[in-house]
Amino acid sequence: MALLAGAGAARLAGEPPGWRAPAAGLSAALIVASLAVRLPGHGATVAVALALLCLAGLVTRPSLEPRALAGGALVGGGVLLMASLPFLSAGRVAALTS
């Protein structure tokens, strides 16, 4: 989702999607979700808004360059690994309380 939204945001800005596309897409998704959660329907409205954001990313991107996709996957994998470290060190996936 973040890659699609980031690619769409880059295309709308007139730039080719690069390695920053997933980060820009995540930022766009957070902004859209924080605005949509205040509308009637709360969670359902957020889901629809994020689906529309992904659809806009699909429509505006003619093609993703393989280098950009590989770079985005590398950055995304690193972020996922870093975010998983507290859960890996705790040995469980639950609320991290003392």
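Quick look at the numbers
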item: Single residue of segment 10-50 satisfying the filter (buried (at least 18 other Cβ atoms within 10 Å of the Cβ), in contact (Cβ under 8 Å) with a residue 40 or more places away in the chain and in contact with a Gly (Cβ under 7 Å, 6 or more places away or on another chain)) that is farthest from Val79 (Cα to Cα); result: Pro17
item: Test: residue in segment 72-82 that is surrounded by 11 or more Cβ atoms within 10 Å (Cβ to Cβ) and over 17 Å from the mean Cα position of the chain (by Cα); result: no
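Each reported figure results from applying straightforward, stated rules to the coordinates on display, with no laboratory input. If you're wondering where the values come from, they're calculated on a predicted model, not measured in any experiment. Here Cβ is always computed from backbone atoms with ideal geometry, including for glycine, and neighbour counts include all displayed protein chains.
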